[in-house]
Amino acid sequence: MTDHHQARPGPGGRGAGGALPAGAAAIWAGVALVLIYAVLATGPLAGLPAARPPGTGPGGTGPGEACPGGPGRAGGPEPAGEDGGAAPLDPALARRFAREPQITVFDHAAGAPRGMGMETYVAHVVAGETLPGWRPDALRAQAVAARTYTVSLLMAGEASTPRRLYGTDTSTDPAEAQAFRPVVPPAVRAAVEATRGEILVYGGKPIVALFSACAAERTAGLRESFPGDDRPAPYLRPVPSPCDRAAPDFIRRWSVALTSSELAGVAGVSPVEVRAVDIARRGPSGRAVLIRIGPRLVHAADLRRQIGPDRLKSTFVTEIEARQGGVWIFRGRGWGHGVGLDQWGAEAMARDGRSYRDILAHYYPGTALVQLYR
């Protein structure tokens with residue numbers, strides 16, 4: 001999802017050069033840790049590129065062979081009246097991914113396209129989205145989400161942002177696709193190998209596999225964070241999340257000072273009209289949906305995008321306090337759009353001994369885990 005994102009350093013922060021003096025090493029380690037956690041604040045779709053988010057294109061038609069691994073329920077409740085994960089696999093999907101595809105990636109560091117296998121690409125993505133010290137099942141859950149997102153991107157074809165911009169299947173810019181770290185730690189590579197070819201489907205098609213850093217106590221519904229996204233995704237609904245038990249303090253709770261001028265610019269009013277700022281409506285997850293800025297109502301997701309997702313870390317705003325001099329203190333919880341897989345929540349569940357299948361079933365209820373290729 002991404003609060004799709006800024007350019008991301010690779011988690012882990014270890015270089016291959018010579019040893020630094022002890023003091024300098026400590027300073028750089030601290031800087032690296034801050035940057036790493038900033039990276040984890042995002043997930044696909046944050047910031048919403050001008051084009052519709054990837055994965056919205058048609059799945060295709062035509063005969064195809066059944067998925068080699070066969071569909072298997074990932075668990076979780078199935079919405080009433082929906083075929084959910086139990087639906088037959090889309091024949092076009094099974095046919096296209098009967099074996100591991102070679103994909104093209106626009107490498108922004110090199111300024112040119114690169115070719116690689118799907119599993120190699122997924123490993124680079126997981127390396128960019130996680131910390132290698134996380135539990136194996138948290139890394140495996142991220143691998144499945146990243147692979148599912150990539151399959152959706154490929155199925156979108158010409159409608160995808162990378163295809164329109166570069167003529168490639170995907171790119172290394174998380175604002176256009178997902179994060180990408182050049183170096184893949186062994187733990188990440190093992191997680192990707194353990195889930196080779198596995199994706200999540202609903203109604204026989206790849207799901208909208210959004211993820212973000214920390215959803216606080218409850219994940220968000222799709223339209224709480226992406227009000228313009230009208231795709232049917234009943235599995236993207238609020239569920240409890242334990243990310244507070246694993247995430248660092250500055251991710252769990254935060255505050256930011258915004259001026260009346262900044263807020264007025266977002267609302268399209270004069271700063272003198274910003275006499276009051278408050279939460280006008282909350283969504284099912286408890287997040288702010290509408291924020292009143294003077295005489296105007298602004299969607300909280302729009303406010304976050306315009307203020308900057310690294311300043312207003314989430315729409316899980318708990319308090320807005322007025323200060324002298326036209327300053328407003330926003331306090332909140334979590335980091336990211338909060339939809340789908342909660343990365344720190346997945347780590348907390350893995351620490352409790354939950355498997356990656358359990359984690360995926362929890363954050364994407366009613367979906368099925370299938371193996372497209374071996």
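Does SER261 count as hydroxyl-bearing (Ser, Thr, Tyr) and assigned by TED's automatic domain parsing to the domain that holds ARG282? Criteria met by SER261. In this structure, PRO234 does not qualify as assigned by TED's automatic domain parsing to the domain that holds HIS362 and not aliphatic (A, V, I, L, M). The one condition from (1) assigned to a loop (DSSP other than H, G, I, E, B); (2) closer than 27 Å to VAL144 by Cα that LEU200 does not meet is (1).
Residue pairs whose Cβ atoms lie under 6 Å apart, sitting 6 or more positions apart in sequence or on different chains, and linking a residue in the range 211-224 that is surrounded by fewer than 24 Cβ atoms within 10 Å (Cβ to Cβ) to a partner that is hydrophobic (A, V, I, L, M, F, W, C) and in a strand (DSSP E or B), are LEU222/VAL339. Here's a check for you: in the range 264-282, which residue that is within 14 Å of THR318 (Cβ to Cβ) and not aliphatic (A, V, I, L, M) is nearest to the chain's Cα centre (by Cα)? The residue in question is ARG282. Within the range 350-374, restricting attention to residues that are under 17 Å from the mean Cα position of the chain (by Cα) and in a loop (DSSP other than H, G, I, E, B), the residue that is surrounded by the fewest Cβ atoms within 10 Å (Cβ to Cβ) is PRO365. Listed here are the helices (runs of 4 or more DSSP H) enclosed by the range 232-349 that have at least 2 residues being polar (S, T, N, Q) and either buried (at least 24 other Cβ atoms within 10 Å of the Cβ) or in contact (Cβ under 8 Å) with a residue 24 or more places away in the chain (or both): 260-267.
The values are calculated or read from the model by the stated rules, or taken from the named source; none is laboratory data. The shown structure was predicted, so the numbers you read here are calculated from the model rather than taken from an experiment. With ideal geometry, Cβ positions are generated from the backbone for all residues, glycine too; neighbour counts draw on all protein chains shown.
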